[in-house]
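Have a look at the structure below before the remarks.
Values in this text are rule-based calculations from the coordinates and carry no lab data. Owing to the predicted nature of the structure, the values given are computational and were not obtained by experimental measurement. No Cβ is skipped: glycine too gets one built from the backbone with ideal geometry, and neighbour counts run over all protein chains shown.
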Amino acid sequence: CSTADLGPISLNWFEELSSEAPP
Amino acid sequence: YSTEQTEITDLPACDSWNPGSLHLVSKFKNPSSSCSVDVSAVWWERAGVKEPCIITACEDVVSLWKPLDTLQWEKVHTWQFTEVPVLQIVPVPDVYNLICVALGNLEIREIRALLCSSGDESEKQVLLKSGNIKAVLGLTKRRLVSSIGTFCNQQIQIMTFAEDGGSKDEQLLMPPDETILTFAEVQGMQDALLGTTTVNNIVIWNLKTGQLLKKVHIDDSYQASICHRAYSEMGLLFVVLSHPCAKESQAFGSPMFQLLVINPKTAQSVRVLLCCLPQGQAGRFLEGDVKDHIAAAVLTSGTIAIWDLLLGHCTAVLPPVSDQNWSLVKWSGTDSHLLAGQKDGNIFIYRY
């Protein structure tokens with residue numbers, strides 16, 4: 001497998017998803 | 001503890017170059033007449049001293065055992081259950097002198113806290129939740145998460161205990177409109193929680209805000225997967241799943257655990273490891289436990305098998321002892337020991 005299959009990776013995914021998700 | 005009893009070693013798996021080993025440290029028998037259903041290790045304080053104790057659960061009684069100097073165990077508390085049988089122990093990390101248990105027949109109907117009154121040390125039990133409970137897990141920071149109901153009527157609650165197990169606070173998480181099967185905390189990210197659902201999704205919550213952050217669909221090859229552990233590393237989630245419903249295939253035999261890597265931003269996932277039985281072993285996954293990077297499973301054959309997820313292969317196999325199949329396996333929460341149990345109440349403690 002390759003991490004290329006996973007798409008762009010963000011170290012701040014938790015904060016980013018929290019700011020995008022409905023409250 | 002030093003090893004004074006029989007040593008049971010490994011069994012080299014396939015191409016294993018570093019076989020692990022299990023050394024018997026101590027054993028005891030719970031004399032209860034009902035079927036043994038679970039075992040766990042907890043910290044318990046007596047006379048101002050915190051001790052690593054063992055909890056055993058049979059269908060109608062839960063017992064607390066404290067260690068003696070002679071590699072023996074002494075039963076110090078018992079809680080009786082006459083109406084609804086015990087299904088499982090639910091350890092809550094960071095809480096002392098309190099154990100939670102799930103009660104029910106096939107499905108969980110109640111969650112109760114077991115404790116002792118401070119004055120006369122008599123055993124008490126407190127009803128925490130009741131209803132159609134689908135999943136429950138104790139979390140770090142003295143929290144307990146449970147899901148009650150199914151689909152649209154599902155309620156996911158976080159209960160927080162005080163340090164002494166007393167007064168508590170409650171918070172709701174946004175339900176995913178899919179029935180939750182299991183929960184898993186994320187090592188390296190205390191405010192994240194994962195859940196697996198009946199339609200093969202992994203959902204991710206923010207425990208602080210209650211937000212549902214993402215749904216990730218995983219490979220449909222194995223239905224009803226159980227999530228045991230998750231690790232957050234370098235922007236990715238590494239998730240350990242087991243597959244009680246998986247069928248044997250000619251290529252791999254019966255898959256026990258798999259390690260998936262998930263990119264939470266894109267909801268894409270890739271399998272990085274499939275843990276199967278070494279040659280010569282048969283059976284399907286019955287139940288298991290994962291601690292750090294070591295996974296242990298009881299097989300339908302009555303054997304226990306252990307995999308090192310970093311090495312990527314099976315490192316030890318423990319065949320039935322005294323002609324009795326294994327039915328329980330748990331990693332101790334108080335040290336690195338493995339607790340192995342048999343239906344008749346025998347508990348064996350191994351060092352791995």
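Let a ≥ b ≥ c be the square roots of the eigenvalues of the Cα gyration tensor of segment B:50-168; is it rounded (a/c under 1.5), or, if not, prolate (a/b larger than b/c) or oblate?
prolate
Among B:Leu128, B:Leu309, B:Leu237, whose Cα lies farthest out toward the positive end of the dipole of chain B, if unit charges sit on the beta carbon of Lys, Arg (+1) and Asp, Glu (-1)?
B:Leu237
If packing is taken as the average count of other Cβ atoms within 10 Å, what order do B:201-207, B:321-327 fall into, highest mean first?
The most tightly packed comes first, giving B:201-207, B:321-327.
Nothing charged except the Cβ atoms of Lys and Arg (+1) and of Asp and Glu (-1): what's the magnitude of the dipole of segment B:73-131 about its Cα centre? Round to the nearest 20 debye.
About 160 debye.
Could you tell me what percent of the DSSP beta bridges with both partners in chain B are antiparallel, to the nearest 5?
100 percent
Lysine pairs, Cα distance under 28 Å, 8 or more residues apart or cross-chain: how many in segment B:87-231?
17
Mind checking the log10 I(q)/I(0) for segment B:102-179 at q = 0.11, 0.18, 0.20, 0.23 Å⁻¹? Debye, one equal scatterer per Cα, no solvent, two decimals.
-0.32, -0.78, -0.92, -1.12
Defining a contact as two alpha carbons under 8 Å apart and six or more residues distant in sequence, what relative contact order in percent does chain B show?
Reported as a whole number, the value is 15 percent.
Can you tell me, using C-alpha contacts under 8 Å and at least 6 residues apart, the relative contact order of segment B:258-352 as a whole percent?
This gives 17 percent for segment B:258-352.
Towards the positive end of the charge dipole of the protein assembly as shown, with charges on Cβ (+1 Lys, Arg; -1 Asp, Glu), say which of B:Ala296, B:Leu24, A:Ala21 has the farthest Cα.
Checked the options; the winner is A:Ala21.
Please report, in debye to the nearest 20, how large the charge dipole of the protein assembly as shown is about its Cα centre when each Lys and Arg carries +1 at its beta carbon and each Asp and Glu carries -1 there.
Dipole of the protein assembly as shown, to the nearest 20 debye: 300 debye.
Take the Cα radius of gyration of chain B and divide it by 2.2 N^0.38 Å, with N its residue count; two decimals is plenty.
It is 0.97.
Which translational diffusion coefficient, to the nearest whole µm²/s, is obtained for segment B:161-296 from the Stokes-Einstein equation, given a Kirkwood hydrodynamic radius over C-alpha pairs, 25 °C and 0.890 mPa s?
Calculated translational D: 154 µm²/s.
Considering all alpha-carbon pairs of the protein assembly as shown, what whole percent are spaced by more than 35 angstrom?
Within the protein assembly as shown, distances greater than 35 Å cover 25 percent of Cα pairs.
Using alpha carbons only, how many angstrom separate the centre of segment B:116-155 from the centre of segment B:254-273?
30 Å
Once you place label points 7 Å from the Cα toward the Cβ at B:Thr198 and A:Asn12, how far apart are they in nm?
4.0 nm
In what order do B:Asp335, B:Asp289 fall by count of nearby beta-carbon atoms within 10 Å, going from fewest to most?
B:Asp335, B:Asp289
Which whole number gives the average count of other chain Cβ atoms within 10 Å of the Cβ atoms across peptide A:13-20?
Per residue, the average neighbour count from other chains is 6.
By its C-alpha gyration tensor, with a ≥ b ≥ c as the square roots of the eigenvalues, how is segment B:106-147 shaped: rounded for a/c under 1.5, else prolate for a/b larger than b/c, else oblate?
Note, shape of segment B:106-147 comes out oblate.
Toward the positive end of the charge dipole of chain B, about the Cα centre and with charges on Cβ (Lys, Arg +1; Asp, Glu -1), which of B:Tyr352, B:Leu259, B:Val203 goes farthest?
So the residue we want is B:Val203.
Let me confirm one metric for peptide B:230-236, namely the mean number of other chain beta-carbon atoms within 10 Å of its residues' beta-carbons.
The per-residue average across the peptide is 3.
Sort B:Lys208, B:Lys134, B:Lys66 so that the residue with the fewest other Cβ atoms within 10 Å of its own Cβ comes first and the one with the most comes last.
Going from sparsest to densest Cβ surroundings: B:Lys208, B:Lys66, B:Lys134.
Rounded to the nearest 20 Debye, what is the dipole magnitude of segment B:17-118 about its Cα centre when Lys and Arg each give +1 and Asp and Glu each give -1 at the C-beta?
240 debye
Can you classify segment B:145-241 as rounded, prolate or oblate using the Cα gyration tensor, where a ≥ b ≥ c are the square roots of its eigenvalues, rounded means a/c under 1.5, and otherwise it's prolate if a/b beats b/c and oblate if not?
Judged from the Cα gyration tensor, segment B:145-241 comes out oblate (a/c at least 1.5, b/c at or above a/b).
Kirkwood hydrodynamic radius of segment B:28-96 from all distinct Cα pairs, in Å?
Radius from the Kirkwood sum: 12.7 Å.
Taking 1 over the mean of 1/r across every pair of different Cα atoms in segment B:282-339, what Kirkwood radius in Å do you get?
11.6 Å
As a footprinting exposure proxy, order B:Arg271, B:Arg229 by other Cβ within 10 Å, with the fewest listed first.
B:Arg271, B:Arg229
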